[in-house]
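Asks: Before I ask anything, here is the structure I am working with.
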Amino acid sequence: MKFTEGYWLPSEKANASHAMQAYEVEQIPGGMRILATTRPIEHRGMTLNLPTITVEFVAHTPDTISMEAWHYEAYDNKVPSFDKTESVYEDVTVTINEDEAVLDTGSVLVRVQRKGVFAYTFEADGKVLTGSGFRNLSYIRWDRKQSTMLPAPNYMTEKYQPYMVSELSLGVGECVYGLGERFTPFVKNGQVVDTWNEDGGTASEIGYKCVPFYMTNNGYGILVDSTDNVSFEVASEKVEYVGFSVPGERIKYYLFHGLSPKKIMNEYTALTGRPALPPAWSFGLWLTTSFTTDYDENTTSSFIQGMADRDIPLHVFHFDCYWMERFKWCNFQWDHEVTTDPKGMLKRYHDKGLKICVWINPYIGQQSELFEEGMEHGYFIKRIDGSVWQTDLWQPGMAVVDFTNPEACKWYQSKLKALLDDGVDCFKTDFGERIPVKGIQYYDGSDPVKMHNYFTFLYNKAVFEVLEKERGKGEAVLFARSATVGGQQFPAHWGGDCSATYVSMAETLRGGLSLSAGGFGFWSHDISGFEQTAPADIYKRWCQFGLLSSHSRLHGSSSYRVPWLFDEESCVILKEFVNLKCRLMPYIYERAVKAHKNGTPVLRPMMLEFSEDRACDCLDLQYMFGPSLLVAPVFKESGEVSYYLPKGTWINLITGEKKEGGTWIKETHDYHSLPLMVRENTILPMGASETEAEYDYADGVTLVLSEFSDGASAEVEIPDTKGNTVMKAYAVRKGDEIEVSVEGRNGNFTVKNLGSGTVVVK
């Protein structure tokens with residue numbers, strides 16, 4: 001939200017009070033508190049009729065420091081708070097003198113200037129990470145209607161919308177990443193980003209998953225601790241700064257320092273939650289009914305059988321919203337037109353080795369059998385007058401479950417448990433971002449506006465909890481459409497509604513990369529696009545991309561996504577890449593375990609893996625699939641693709657072709673291949689099964705060696721399907737020999753060398 005007209009001129013609607021002087025400083029546990037005056041104080045009389053801003057810096061770890069500033073301390077609008085795990089780190093040094101006040105954690109320090117204008121810097125390793133200076137911390141009375149001291153209707157009553165504003169500096173060449181699922185350019189510099197979850201599609205600046213967290217390539221990340229619509233001016237209002245504004249009288253943010261983006265991600269997810277480990281079967285191929293199509297058992301069975309007839313492995317079948325009767329979403333009851341024997345159908349599909357997913361949302365239509373029950377017990381969001389809030393948007397007369405009410409959560413979960421008892425294995429949680437904000441009240445009194453984004457956290461948490469309880473820890477997975485800070489704890493996350501074009505395919509990738517830069521470990525998208533029907537060319541290219549993502553789902557809007565409806569070659573291509581993903585599962589699942597333990601996402605931007613290579617700063621048409629595989633999807637019908645290889649020797653896993661990095665590569669690929677490059681000095685474990693996502697990864701594993709340079713070594717851990725390490729492999733090159741050794745399991749493995757040198761198994 002812009003408060004200035006360009007750099008100098010304040011908006012006519014902005015009545016600003018800027019922090020101008022660090023007037024008083026005191027030490028507090030883990031940090032320091034500053035009383036900042038909004039004008040320099042030269043004598044005692046200047047302290048009258050003066051707004052002040054109180055600022056606190058507190059250390060939570062050696063690499064995490066919070067900054068909190070407020071105008072009116074007693075201002076409380078009952079805000080929800082992000083779910084965080086934090087404590088105060090008190091092993092710090094605080095130094096206060098006439099010139100400056102310094103908080104030093106041993107890793108990061110905050111330096112507050114006391115002489116002259118109010119300013120502070122965050123510093124680490126002898127360099128400034130970011131800072132705030134002249135008029136960079138402000139209290140804004142927006143659209144102020146002044147009070148009067150005379151007897152009048154506005155006597156002592158100012159009217160305005162309060163905002164707290166902070167601006168943090170950017171250096172030359174500093175790039176900003178993250179802020180949730182954003183389909184706009186991957187580097188956010190020059191963009192205005194409002195973190196307000198909406199249903200906008202991929203061709204929009206609107207995001208389903210807005211996260212007020214960004215990181216830069218200068219060694220830090222920033223989380224603005226507000227569930228409200230935090231508005232970011234990313235080198236836009238003032239090109240030297242990232243500005244962010246929060247409605248209200250208080251602002252708080254955390255700075256996370258790290259020598260690498262991975263370390264920053266580790267610090268951020270330690271505070272806001274690490275991704276849960278999804279079950280191994282969820283990494284297989286998902287097929288859905290699509291949205292507005294026929295869902296009857298004959299149709300769905302024909303798709304399942306069609307995949308089997310063509311030897312295309314299928315692991316999960318998803319029923320979209322039409323599994324329930326029209327006008328009755330959600331009643332959690334199968335439409336008799338879909339099946340008259342839902343339990344029997346689910347058993348028949350389970351007997352074929354499939355897991356079952358069904359679509360749900362937090363809305364209860366007026367025609368649903370559950371509406372009266374929810375209304376009677378007060379389980380819905382209410383109007384101010386106490387009646388149930390309703391709308392005809394989406395479903396006639398629908399209400400929204402109030403997840404701030406513990407009893408409403410239990411009630412909603414009981415309906416999901418009944419589905420799980422019938423044989424459903426997981427859920428797609430839709431529509432967590434279409435939540436009212438005006439004229440309503442929540443059970444716990446939360447501010448409706450500030451609940452809008454946070455609602456999805458409570459919704460997905462309720463669903464995930466019942467899955468974990470009923471299926472067990474490590475067996476819970478949901479596909480979440482909307483999310484906010486902390487939502488990464490409930491994987492996986494779906495990115496849509498993309499269109500069936502190459503342009504939209506690229507938009508989808510940018511959204512996934514942006515989401516990954518916000519701590520989300522697992523991400524999926526609608527293969528070949530949701531809207532429209534892709535030509536066979538795009539379908540085949542998107543199958544390559546989709547199967548080289550953490551989770552892989554075929555889904556559409558008004559048309560089906562089974563490959564034979566596109567052409568016969570599509571069946572071949574889909575099969576090849578499902579087979580490839582199944583064989584890659586020892587590698588993929590080990591990366592999933594790491595994401596669960598340290599927060600590093602499976603699919604990651606190039607800058608996250610190669611932070612020292614400045615050529616990677618802006619790349620958004622390629623990505624790393626874990627630390628060892630580079631993927632460059634093909635976005636042209638001609639098969640032409642240009643991609644950048646960081647320094648080192650890379651080998652295409654599919655073709656075996658070797659390339660030297662440090663340069664751009666241009667190639668042409670048919671549908672059977674794409675740039676899938678193995679990083680040098682890598683042991684890539686490939687499993688024995690090309691049909692299953694969940695199997696014994698160590699049994700018969702092939703240890704694929706890339707190009708090893710002399711003296712280079714590598715190791716890899718191979719997990720079981722519960723995430724426990726059952727086998728470790730080591731490789732080191734000495735001269736012309738590559739020595740390979742293995743710990744654990746029964747020694748049933750083989751070694752394949754893609755590069756030079758003679759392999760010796762010890």
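Asks: Where does each of 156, 727, 265 land when they are ranked from fewest to most other beta-carbon atoms within 10 angstrom? Let's see the in-between values first.
Replies: Values: 156 8, 727 24, 265 28.
The most exposed by this proxy come first: 156, 727, 265.
Asks: Applying 1/(1 + (r/R0)^6) with R0 = 25 Å to the Cβ-Cβ distance of residue 39 and residue 72, what FRET efficiency is obtained, to the nearest 0.05?
Replies: The value I calculate is 0.85.
Asks: Output the direction-averaged projected area (hull surface divided by four) of the convex hull of the alpha-carbon atoms of the range 202-289, in nm².
Replies: Working: hull surface 36.7 nm².
Taking a quarter of the hull surface, the average projection is 9.2 nm².
Asks: Any chance you could check the Cα centroid distance between the range 604-630 and the range 473-492 for me, in angstrom?
Replies: Comparing the Cα centres of the range 604-630 and the range 473-492, I get a distance of 24 Å.
Asks: Within 10 Å, count the other beta carbons around each residue, average over each peptide in 449-459, 482-492, and list them highest first.
Replies: 482-492, 449-459
Asks: Dividing the alpha-carbon radius of gyration of the range 553-670 by 2.2 N^0.38 Å (N being the number of residues), what value is obtained? Can you show the working numbers first?
Replies: Details: Rg = 16.2 Å, N = 118, 2.2 N^0.38 = 13.5 Å.
Ratio of Cα Rg to 2.2 N^0.38 Å: 1.20.
Asks: Now for a different question. Below 8 Å, C-alpha to C-alpha, sequence gap of six or more: please give me the relative contact order for the range 603-678 in percent. Write down the numbers at each step before the final one.
Replies: On the way: 139 pairs, mean separation 21.0, N = 76.
That works out to 28 percent.
Asks: Please compute the Cα-Cα pair-distance distribution of the chain with 10 Å bins starting at 0, giving whole percents from short to long.
Replies: Going out from 0 Å in 10 Å bins, the chain shows 3, 13, 22, 24, 19, 12, 5, 1, 0, 0 percent.
Asks: Which value in nm describes the separation of the simple spin-label points at residue 736 and residue 471, placed 7 Å from the Cα toward the beta carbon?
Replies: Calculated label separation equals 5.3 nm.
Asks: Which of the listed residues, 89, 117, 149, is farthest toward the dipole's positive end in the range 42-157, when Lys, Arg count +1 and Asp, Glu count -1 at the beta-carbon?
Replies: After comparing all options, I get 149.
Asks: Follow-up. Once both axes come from the Cα atoms, what is the angle between helix 448-471 and the longest principal axis of the chain, in degrees from 0 to 90, rounded to 10?
Replies: Roughly 40 degrees between the two axes.
Asks: Now for a separate question. Going by how many other Cβ atoms sit within 10 Å of their own, how do 379, 589, 322 line up, fewest first?
Replies: Working: 379 24, 589 27, 322 20.
So the residues, fewest neighbours to most, are 322, 379, 589.
Asks: Quick check for me: using +1 on Lys/Arg Cβ and -1 on Asp/Glu Cβ, what's the dipole size of the chain about its Cα centre, in debye to the nearest 20?
Replies: Working: 73 positive and 102 negative charges, 147 e Å.
Dipole about the Cα centre, nearest 20: 700 debye.
Asks: Taking only C-alpha pairs under 8 Å that are 6+ residues apart, what is the relative contact order of the range 683-761 in percent? It would help to have the intermediate numbers written out before the result.
Replies: Working: 175 pairs, mean separation 24.9, N = 79.
Value for the range 683-761: 31 percent.
Asks: Beta carbons within 10 angstrom, averaged per residue: use that to sort the peptides 5-15, 554-564, highest first. Walk me through the numbers before you get to the answer.
Replies: Values: 5-15: 11.8, 554-564: 21.5.
Sorting 5-15, 554-564 by mean packing, highest first, produces 554-564, 5-15.
Asks: Also, I was wondering about something else. Based on the Kirkwood radius over alpha-carbon pairs, what value in µm²/s does the Stokes-Einstein equation return for the translational diffusion coefficient of the range 409-448 at 37 °C and 0.692 mPa s? Don't skip to the answer; put the middle values down first.
Replies: Working: Rh = 12.7 Å.
Once the numbers are plugged in, D ends up at 258 µm²/s.
Asks: Further, regarding this structure: Give, in nm to one decimal, the length gained when the segment between residue 86 and residue 11 is fully stretched (0.36 nm per residue of separation minus the Cα-Cα distance). Walk me through the numbers on the way to the answer.
Replies: Working: separation 75, 0.36 × 75 = 27.00 nm, distance 3.78 nm.
Full extension of this stretch gives 23.2 nm more.
Asks: Between the range 116-159 and the range 662-733, how far is it from one alpha carbon centroid to the other, in angstrom?
Replies: 54 Å
Asks: What shape does the range 494-598 have by the C-alpha gyration tensor, where a ≥ b ≥ c are the square roots of the eigenvalues, rounded means a/c under 1.5, and otherwise prolate means a/b greater than b/c and oblate the rest?
Replies: Values: a/c = 2.63, a/b = 1.38, b/c = 1.90.
Taking the square roots of the gyration eigenvalues as a ≥ b ≥ c, the range 494-598 is oblate.
Asks: Using +1 at the Cβ of each Lys and Arg and -1 at the Cβ of each Asp and Glu in the chain, identify which of 396, 139, 292 lies farthest towards the dipole's positive end.
Replies: Farthest along the dipole direction, towards plus: 139.
Asks: Show me the GluC sites (Glu not before Pro) within the range 113-185 that DSSP assigns to loop and that have at most 13 other Cβ atoms within 10 Å of their Cβ. Each step should come with its number before you reach the end.
Replies: Details: sites: 123, 158, 167, 174, 181; in loops: 158, 174, 181.
Loop-located and lightly packed - 158.
Asks: I've got another one for you. If I take R0 = 22 Å and measure r between the Cβ atoms of residue 149 and residue 24 in this structure, what FRET efficiency does the formula 1/(1 + (r/R0)^6) give, to the nearest 0.05?
Replies: Working: r = 29 Å, r/R0 = 1.32.
The value I calculate is 0.15.
Asks: Then there's this: Give the relative contact order (percent, whole number) for the chain; include only Cα pairs under 8 Å separated by 6+ residues.
Replies: Working: 1943 pairs, mean separation 78.4, N = 762.
Once normalised by length, the contact order is 10 percent.
Asks: At what distance in nm do the modelled label points of residue 327 and residue 310 sit from each other, each positioned 7 Å from its Cα along Cα→Cβ?
Replies: So the label points at residue 327 and residue 310 sit 3.9 nm apart.
Asks: Given R₀ = 41 Å, FRET efficiency for residue 709-residue 115 by Cβ-Cβ distance, to 0.05?
Replies: 0.15
Asks: Order by neighbour count: 114, 310, 182, 591, fewest other Cβ atoms within 10 Å first, most last.
Replies: On the way: 114 18, 310 15, 182 28, 591 24.
Lowest count first: 310, 114, 591, 182.
Asks: Here is a further query. At 20 °C and 1.002 mPa s, grab the translational diffusion coefficient of the range 683-761 from Stokes-Einstein with a Kirkwood Rh over Cα pairs, rounded to a whole number in µm² per second. Kindly include the intermediate steps, with their values, before the conclusion.
Replies: On the way: Rh = 12.9 Å.
For the chosen part, D equals 166 µm²/s.
Asks: While we're on this one: How large is the Kirkwood hydrodynamic radius of the range 70-163, in angstrom, based on all distinct alpha carbon pairs? Spell out each step's value before the answer.
Replies: On the way: mean 1/r = 0.0577 Å⁻¹.
Taking every pair of different Cα atoms in the range 70-163, averaging 1/r and inverting gives 17.3 Å.
Asks: Just order 500-513, 78-91, 227-240, 644-657 by mean Cβ neighbour count inside 10 Å, highest at the front, would you? Present the calculation step by step, with values, prior to reporting the outcome.
Replies: Details: 500-513: 22.6, 78-91: 14.1, 227-240: 20.6, 644-657: 18.3.
Result, highest mean first: 500-513, 227-240, 644-657, 78-91.
Asks: Does the range 603-678 classify as rounded, prolate or oblate by the C-alpha gyration tensor (a ≥ b ≥ c root eigenvalues; a/c under 1.5 gives rounded; else a/b over b/c gives prolate, otherwise oblate)? Walk me through the numbers on the way to the answer.
Replies: Working: a/c = 1.67, a/b = 1.43, b/c = 1.17.
Judged from the Cα gyration tensor, the range 603-678 comes out prolate (a/c at least 1.5, a/b above b/c).
Asks: Report the Cα centroid-to-centroid distance between the range 223-266 and the range 270-311 in angstrom, as an integer.
Replies: Spelled out, the Cα-based centre of one part sits 37 Å from the other.
Only the coordinates and a few stated rules stand behind these numbers; no lab work does. Model, not experiment: these values are computed from the prediction. In this analysis, Cβ positions are derived from the backbone assuming ideal geometry, glycine residues included, and neighbour counts consider all displayed protein chains.
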